[in-house]
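Worksheet for the structure shown next.
The values are calculated or read from the model by the stated rules, or taken from the named source; none is laboratory data. This is a predicted model, so every value here is computed, not measured. Note: ideal-geometry Cβ built from the backbone for every residue, glycine included; neighbour counts use all protein chains shown. Protein only, heavy atoms only, side chains kept; ligands, DNA and RNA dropped before computing areas. Shrake-Rupley method; radii C 1.70, N 1.55, O 1.52, S 1.80 Å.
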Amino acid sequence: PWSSWKKIIPGKGTEEAETLEQLEDLVERREEILWEKIDDLVERIEQDSVRDAIMTFGNPPYYVKMTIEFPMADPEKDPSEWQRTQGTLVFELAPLEKMPHAVNFFLQQIHHKLWDGCAFVINAMHILQAGPHRHIKAGNYEANAVDLMDKFLKAELDKIAFQEYHEDYPHAKYTLGLAGRPGGPDFYINKIDNSVNHGPGGQDHHDLHEEADPCFGKLIRGKRVIEELSQVPVDHAKGGLFLETVTIVNAVIAYDEQFEEEAD
């Protein structure tokens with residue numbers, strides 16, 4: 001009944017609507033105003049992120065060095081005998097004017113040392129994903145381990161405020177993305193070009209399927225390390241979960257350093 005529709009959207013405008021067409025016009029106007037408010041909030045968050053990043057970390061470009069520890073797979077030995085080694089990944093973050101919120105979000109995580117002690121847990125065909133997880137035994141993890149996740153929560157750096165995306169910075173091979181809705185804290189390295197699957201409308205299992213995963217940086221050094229990680233066995237039945245521990249030893253902002261990107 002007509003009275004039920006009026007109860008769904010209460011207010012003066014609804015009370016004055018006498019037909020379904022008038023009610024639809026009212027709803028459309030309300031949606032336009034709400035989207036304008038959302039756009040204003042997004043713009044303010046991005047402006048604040050630019051100011052915060054520059055005041056805290058100086059002028060861009062920004063680089064992050066991440067040291068990881070992993071086993072050197074040897075098919076002639078039992079995994080318990082595999083030697084562990086360390087490798088360095090260097091990320092160049094996206095231009096601040098294109099992805100200010102996601103860039104500042106990740107820089108703040110690094111600054112607060114939130115990634116130290118976390119792990120890369122998934123090595124699927126298309127991504128290599130890290131998060132506040134702890135390897136327990138072959139193929140089993142404590143997802144969002146309390147002590148690791150608690151650091152992100154206390155710093156209020158566990159989730160991004162909105163799904164920031166810029167069409168000039170798509171999910172090309174070796175770029176970085178934030179997993180989840182809303183994104184974070186897990187991030188991943190695109191091992192292939194995921195511009196379509198992780199771009200706008202690429203993941204229709206989410207409620208707002210038109211959104212995209214934020215793409216906020218790219219791997220410029222350490223591609224050999226990625227290749228070495230491909231030798232570490234995974235459980236394909238569980239989406240590519242590492243069967244051995246791949247730990248993030250530490251991650252730091254590389255001040256006063258310049259890096260050239262490696263060739264593929």
Legend entry - Matching residues, region 153-173, being within 11 Å of the chain's Cα centre (by Cα), closer than 14 Å to Ile45 by Cβ and acidic (Asp, Glu): Glu164
Inset, instruction - Go through region 23-76 and count every residue that is open to solvent by less than 100 Å² (accessible area, probe 1.4 Å), free of Cβ contacts under 8 Å to residues at least 12 places away in the same chain and not in a helix (DSSP H, G or I). - result: 1
Legend entry - Index of the failed condition, Asp256 passing every other in (1) free of Cβ contacts under 8 Å to residues at least 40 places away in the same chain; (2) not in a loop (DSSP other than H, G, I, E, B): (2)
Inset, instruction - Please indicate, with yes or no, whether at least one residue in region 193-213 is in contact with a Gly (Cβ under 8 Å, 6 or more places away or on another chain) and assigned to a strand (DSSP E or B). - result: no
Inset, instruction - Please work out which residue is surrounded by the fewest Cβ atoms within 10 Å (Cβ to Cβ), limiting yourself to region 156-196 and to residues that are modelled with pLDDT of 95 or more and on the phi > 0 side of the Ramachandran plot. - result: Glu156
Inset, instruction - For region 147-155, indicate whether the set of residues that are in contact with a helix residue (DSSP H, G or I) (Cβ under 9 Å, 6 or more places away or on another chain), at pLDDT 95 or above and either aliphatic (A, V, I, L, M) or within 17 Å of Val232 (Cβ to Cβ) (or both) is non-empty. - result: yes
Inset, instruction - Of the conditions (1) farther than 22 Å from Lys238 by Cα; (2) open to solvent by 30 Å² or more (accessible area, probe 1.4 Å), Pro79 clears all except one; give me its number. - result: (1)
Legend entry - In region 58-95, the residues that are of a type in the set (Phe, Trp, Tyr) and touching a strand residue (DSSP E or B) at 6+ places or on another chain (Cβ under 6 Å): Tyr62, Tyr63, Trp82, Phe91
